[in-house]
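A short worksheet on the structure shown next.
The values are calculated or read from the model by the stated rules, or taken from the named source; none is laboratory data. Owing to the predicted nature of the structure, the values given are computational and were not obtained by experimental measurement. Note that each Cβ is placed from the backbone with ideal geometry, even for glycine, and that neighbours are counted across all protein chains shown. The accessibility values were calculated without ligands, DNA or RNA, using every heavy atom of the protein model including side chains. Shrake-Rupley method; radii C 1.70, N 1.55, O 1.52, S 1.80 Å.
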Amino acid sequence: MAPQVNAALAKAVASEFRTPENKLRDKYRHPAETLAFFDIKPDQTVIELWPGGGWYAEILAPYLAVKGQYVAANFETKPTTDTKQAAYYKSAGLRFEKWVSDNKASVGNVQFVTLDPPAKFSLGKDNSADHVLTFRNLHNWAMKGELEGVFKAAHDVLKVGGSFGVVEHRANVGMAAESGYMDENQMVELAKKYGFELTASSEVNANPKDSKDYPKGVWTLPPRLAMGDQDKQKYIDIGESDRMTLKFTKTAAK
C-alpha cells in the first residue's frame with residue numbers, strides 16, 4: 001500500500017518555488033512518495049546530509065518552514081586544506097548557503113551544521129532530531145572509509161523512535177563503491193551495528209532497466225551522462241539509477 005501524501009507535502013512538491021529543471025526529475029526521484037514513505041511531518045526537525053544543489057531542500061525547507069525545522073548538514077565552506085575536492089565542496093557549500101539566504105521568505109530559518117568527515121561528524125545535539133535523510137551519498141563516504149562515522153552520527157542526533165531515511169544507488173552483489181552503487185544488505189547490516197532497525201523498505205525508486213554495468217559506473221546514466229554523446233539516447237532511455245529506499249529507526253540509545 002502506497003504511503004499517504006499529506007496536503008502540505010503535495011503542495012510543497014507542486015510549488016512554483018521549485019525550478020522546472022528539478023521538477024523534470026520527479027519521474028525518477030518520486031519526492032512526494034519518498035518523503036511520505038519516510039513519514040516526514042511539517043512540524044518535525046529534519047536534517048538532510050549534504051543537500052548539494054538543493055534538489056530536496058527546495059521541497060523540505062518550505063515544507064518545514066512554519067512549524068518544523070530544516071537543518072542542512074552542509075559541505076565544509078572554510079577548508080583548511082588546499083585540494084581540488086576541498087575547493088569543490090567549498091564552492092558548492094557557499095552556493096547552497098547563498099540560495100538559502102536569497103530565498104529566506106520561502107525557506108524560513110534554515111539551520112546549518114558542517115558534515116566534513118573525518119574532521120566533523122557531529123550533526124547537532126544528541127537525541128534532538130526526528131529524521132536524518134540522505135539521498136545518493138553513501139558511496140561518497142564509503143569510498144573514503146567514512147561511512148560508519150556517518151551512520152553513528154545519524155544515530156547519535158536522532159531521538160529514540162526517530163528515523164534515518166536512505167536513498168542510494170543499489171548494487172548487484174560484489175560491486176565496489178567506486179561504481180557509485182552500494183550493496184543493500186551491507187547497508188542494513190551496518191545500520192544494525194550502530195543501533196538501527198530496518199523498519200521499512202520501498203521500491204518506489206527502483207528501476208529494473210538499470211543493468212549497472214556501464215563504462216563510468218552510475219554516472220553513465222542521467223543526470224550526469226558521463227559518456228557525453230556516446231550512446232546518449234540509450235542511457236536516457238534507461239533513465240536514472242535503480243535505488244534502494246530504506247527507513248531505519250533508532251530503537252534505543254546506544
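Around the amide H of residue 113, modelled in the peptide plane, lie the amide H atoms of 72, 73, 74, all under 5 Å away and 5 or more residues distant in sequence or on another chain. A quarter of the convex hull surface defined by the alpha-carbon atoms of the stretch 25-114 gives 6.2 nm² as the mean projection.
Candidate cross-link partners of residue 27 among the lysines, defined by an alpha-carbon separation under 25 Å and a same-chain spacing of 8 or more, comprise 11, 41, 209, 212, 216, 232, 234, 247. Phi-derived couplings, Karplus 6.51 cos²θ - 1.76 cosθ + 1.60 at θ = phi - 60°, listed residue by residue for the stretch 94-108: 5, 4, 5, 4, 5, 4, 4, 4, 5, 10, 4, 4, 8, 9, x Hz, with x used for Gly and Pro.
Of the Cα atoms belonging to the stretch 126-254, the radius of gyration and Dmax stand at 15.7, 50 Å. Taken per residue, the accessible surface of the stretch 88-198 reaches 46 Å², heavy atoms only and a 1.4 Å probe.
In the stretch 1-106, Cα pairs under 8 Å separated by at least six residues give a relative contact order of 25 percent.
Under 5 Å between amide hydrogens, built in the peptide plane, is the criterion, and for residue 47 it picks out 71, 131, 132, 133 among residues at least 5 positions away or on other chains. Take residue 159: with every protein chain present and a 1.4 Å probe, its accessible area is about 80 Å².
Proximity of backbone amide H atoms, modeled 1.01 Å from N, is registered between residue 243 and 170, 206, 207 at under 5 Å, excluding neighbours fewer than 5 places apart on the same chain. Within the stretch 52-192, the proportion of C-alpha pairs whose separation exceeds 18 Å stands at 60%.
Computing Rg and the Kirkwood Rh from the Cα coordinates of the stretch 92-174 gives a ratio, Rg/Rh, of 1.01.
Across the chain, the convex hull enclosing all Cα atoms gives 132 Å³ per residue. Here the simple spin-label model places points 7 Å from the Cα toward Cβ, and for residue 216 and residue 230 these points are separated by 0.9 nm.
Of the solvent-accessible surface of the stretch 179-250, computed with a 1.4 Å probe over protein heavy atoms with every protein chain present, carbon and sulfur atoms account for 46 percent. A 1.4 Å probe, protein heavy atoms only, puts the accessible area of residue 110 near 20 Å².
Shown in residue order for the stretch 153-165 are the 3J(HN,Hα) couplings computed by the Karplus curve 6.51 cos²θ - 1.76 cosθ + 1.60 at θ = phi - 60°: 4, 5, 5, 4, 7, 7, 5, 4, x, x, 10, 10, x Hz (x for Gly and Pro).
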